[in-house]
1. Note the direction-averaged projected area, equal to a quarter of the hull surface, for the Cα convex hull of segment 230-276, in nm².
2. Output the relative contact order of the chain, whole-number percent, from Cα pairs under 8 angstrom with separation of 6+ residues.
3. Count neighbours as other Cβ atoms within 10 Å of each site's Cβ, and list the GluC sites (Glu not before Pro) in segment 128-187 that are DSSP loop with at most 16 such neighbours.
4. Considering the options SER46, ASN201, LEU250, tell which one lies farthest towards the positive end of the dipole of the chain, charges being +1 on Lys and Arg and -1 on Asp and Glu at the Cβ, about the Cα centre.
5. Pull up the cross-link candidates among the aspartates and glutamates for LYS15, meaning alpha carbon to alpha carbon under 13 Å and not fewer than 8 places away within one chain.
6. Hey, with R₀ at 41 Å, roughly what FRET efficiency would LYS124 and ALA55 work out to, going by the Cβ-Cβ distance, to 0.05?
7. Dipole of segment 6-283 (Lys/Arg Cβ +1, Asp/Glu Cβ -1, origin at the Cα centre): which of GLY228, GLN90, LEU181 lies farthest to the positive side?
8. Which of LYS58/LYS227; LYS19/LYS58; LYS124/LYS253; LYS87/LYS124 have a Cα-Cα distance over 28 Å?
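No lab work stands behind these numbers, since they all come straight from the coordinates. Source: prediction; values computed, not measured. A quick note on method: Cβ atoms are made from the backbone with ideal geometry, for glycine too, and the neighbour counts reach across all protein chains shown.
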Amino acid sequence: MNMDSFRFGTVGSPKNKPKKPGGSVGGIYYLKDLGLQALELGWVRSVRVSESTAASIKEAGQERDVALSVHAPYYINLNADQEEWPKSRQRLMDAARAGHQSGATDIVFHPGSYFGKPAAEVLKVALSRLDDCVKELRAEDNPVILRPETMGKGAMLGSLEDTLEMSQLAGVEPCLDFAHLHARPGDGSVNTYQEWMDILNAYRDALGEKSLGRLHCHLSGIEYTEKGEQNHLVISESDFDLSALFQALLDSKAGGRILCESPTLEEDALFIQKSWLDLTTNSTT
């Protein structure tokens, strides 16, 4: 198993990036200096990036070999009503267009809420809207992958099954947020080797063997109640069993990107990377 099968990084620019150069370019440089290889641009409030800034981000990512993705604004809902949907759609499309200009290959977004409706009913609406977005992007020669994120509360559109169903569309694949998957049931489950293997096997069954080699993942510790996610935590300060997850990823021959969302960002990203490298190194000796 190649211990370089995953790139590690942060969701959002690292906390201690230098003031000069600032912004995303400074974050890219700093992550590379730390030995990390991926950055998810945290455009979670709005998408406000000029063409010149986008070009600078793209150049920095290519120069430093840091893989780029985008976390689109939070206020996207594939199940929004007819009045609100055009605004949600515009936020997603803005992130996809500016992300492509910035060198990002993947656009992560929160898919929305059930609003108390059955998942199957909501998915009919979500699939049609998502397919329409992808088709418009492809007509513009924009190749980004749209990635609905697995969500940490049961009331939210974004179970593993939801994201796998959406990923039957061309140009769509999940963002596996492991902390959210652990928090969503609200009972401490989804935290063992066998449970992670079951998830990875379901992923493979739905999207094919090669899909496990291009996973896009979020990871942190997490605080939760019976209703699901509350807050992100540093992994060592949570009940998340990182070793169980990593053994399942190793045994599944998985690869891709793992982006840290812990409060300490780059510090925990380095801890996560070291944990993976320790496991993969030991497995080959």
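1. Computing the convex hull of the Cα atoms and averaging its projections yields 3.5 nm².
2. 19
3. GLU140
4. Of the candidates, SER46 comes out farthest on the positive side.
5. GLU261, GLU266, GLU267, ASP268
6. Taking R0 as 41 Å, the efficiency between LYS124 and ALA55 is 0.55.
7. Farthest along the dipole direction, towards plus: GLN90.
8. LYS58/LYS227; LYS124/LYS253
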